[in-house]
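Participant: Got a structure for you, questions after.
The values are calculated or read from the model by the stated rules, or taken from the named source; none is laboratory data. Everything quoted here is computed from the prediction, not taken from an experiment. Cβ: placed from backbone, ideal geometry, glycine included. Neighbour counts: every protein chain shown. Side chains are part of the model used for accessible areas, which takes the heavy atoms of the whole protein and leaves out ligands, DNA and RNA. Shrake-Rupley method; radii C 1.70, N 1.55, O 1.52, S 1.80 Å.
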Amino acid sequence: MIKNLFKYLFGFAVLLFVPDLLAQSVTLPEIKLGMSGTDDPKQVVGLLKILGILTVLTLAPAILIMMTSFTRIVIVLSFVRQALGTQQMPPNQLILGLSLFITFFVMAPVFTKVNTEAIQPYLKNSITQEVAFDKALSPFRAFMFNQTRDSDLAMFVKLSKMDQPKTRADVPTTVLIPSFIISELKTAFQIGFIIYLPFLVIDMITASVLMAMGMMMLPPVIISLPFKIMLFVFVDGWSLLIGSIVKSFG
């Protein structure tokens, strides 16, 4: 019945508004898309630059996740939710949004340096595109080097079968990025383990008390959840957690 009602309302709207729309003269801009042959190398280079820009925009989410602090932050926040045992609270959208804005906060000095040394000079035609790319990549490389363990970097250098680099400048970005990601995963899981410990103690104490009282059929999670939430709120857990995460990038 409801489905038929929607059909009738839709048909009535079409009969009511379509004649008026057809009676009006609607002008649309003329758009022409096409490709033609050219012997001018500059046009070919310009087209390749456009394709390169579109490719970078397509890979922008992956660049944001893999070359910034986002990985560590989102994993730690997910560990907190699992340790609390609150299932979908906070929801995934909130965790991702919070991780994203904390990432912008942590990476603000890097973004500012990229804008000052690469983007603005390039927009003013002071430097070439290649120089601007190198200057934009340099702050990200410095950030990743500061957060990457030497053992992880050495492992990927060995796997790449390249010559032993003498300085950081000799390390390719293709080797640095996976090394950085592996280091971030290790750090995030270490922080997650530390976060889990106090909540695990509460679960164990609750289970022992219930077993001593003979309440074998009552799930300990039901009893321990309010105590874990109370503990987390009492110690101002969110402020401590976010502050510790941000300081870990210092």
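Participant: Go through the range 79-84 residue by residue and turn each phi into a ³J(HN,Hα) via Karplus (6.51, -1.76, 1.60, θ = phi - 60°); whole Hz please, and just put x for glycine and proline.
Facilitator: 4, 4, 5, 5, 5, 5
Participant: Ignoring ligands, DNA and RNA, what percent of the accessible area of the range 97-250 is carbon or sulfur (1.4 Å)? Let's see the in-between values first.
Facilitator: Details: 7070 of 9920 Å².
Roughly 71 percent, rounded to a whole number.
Participant: Going 7 Å from the Cα of T116 along its beta-carbon direction, which residues of the range 137-174 have the amide nitrogen within less than 16 Å of the resulting point?
Facilitator: The answer is 137-140, 142-143, whose backbone nitrogens lie closer than 16 Å to the label point.
Participant: What translational diffusion coefficient, in µm²/s and rounded to a whole number, does the Stokes-Einstein relation yield for the range 76-231 at 10 °C and a viscosity of 1.306 mPa s, taking the hydrodynamic radius as the Kirkwood radius over Cα pairs?
Facilitator: Details: Rh = 19.5 Å.
Once the numbers are plugged in, D ends up at 81 µm²/s.
Participant: Rounded to the nearest 0.05, what FRET efficiency is calculated for Q93 and D163 with R0 set to 35 Å and r the Cβ-Cβ distance?
Facilitator: Between Q93 and D163 the formula returns 0.15.
Participant: Which ³J(HN,Hα) values, rounded to whole Hz and listed in residue order, are derived for the range 223-237 from phi using the Karplus coefficients 6.51, -1.76 and 1.60 in 6.51 cos²θ - 1.76 cosθ + 1.60 with θ = phi - 60°, glycine and proline given as x?
Facilitator: Once rounded to whole Hz, the list reads 7, 6, 4, x, 5, 5, 5, 4, 5, 5, 6, 5, 8, 6, x.
Participant: Applying a 10 Å radius around every beta-carbon, put 243-249, 94-100 in order of their mean neighbour count, most first. All intermediate terms of the calculation are to be shown ahead of the outcome.
Facilitator: On the way: 243-249: 13.9, 94-100: 16.1.
Most protected by this proxy first, the peptides run 94-100, 243-249.
Participant: How much FRET efficiency would the formula 1/(1 + (r/R0)^6) give for T128 and D170, where r is the Cβ-Cβ distance and R0 is 30 Å, rounded to 0.05? Can you show the working numbers first?
Facilitator: Working: r = 23 Å, r/R0 = 0.77.
The value I calculate is 0.85.
Participant: Another question, if that's okay. Please report the spacing between the Cα centers of the range 193-208 and the range 154-172 in Å, no decimals.
Facilitator: Taking the Cα centre of the range 154-172 as reference, the centre of the range 193-208 is 42 Å away.
Participant: Using only the alpha-carbon atoms, what does the range 160-250 span along each of its principal axes? Please give whole angstrom values in decreasing order.
Facilitator: 66, 29, 15
Participant: Two decimals, Cα atoms only, Kirkwood Rh: what is Rg/Rh over the range 71-159? If you can, show how the numbers build up before the last one.
Facilitator: Working: Rg = 18.0 Å, Rh = 15.8 Å.
Dividing the radius of gyration by the Kirkwood radius yields 1.14.
Participant: Here's something else I'd like to know. Measuring from label point to label point, each 7 Å out along Cα→Cβ, what is the T86 to M211 span in nm?
Facilitator: 2.9 nm
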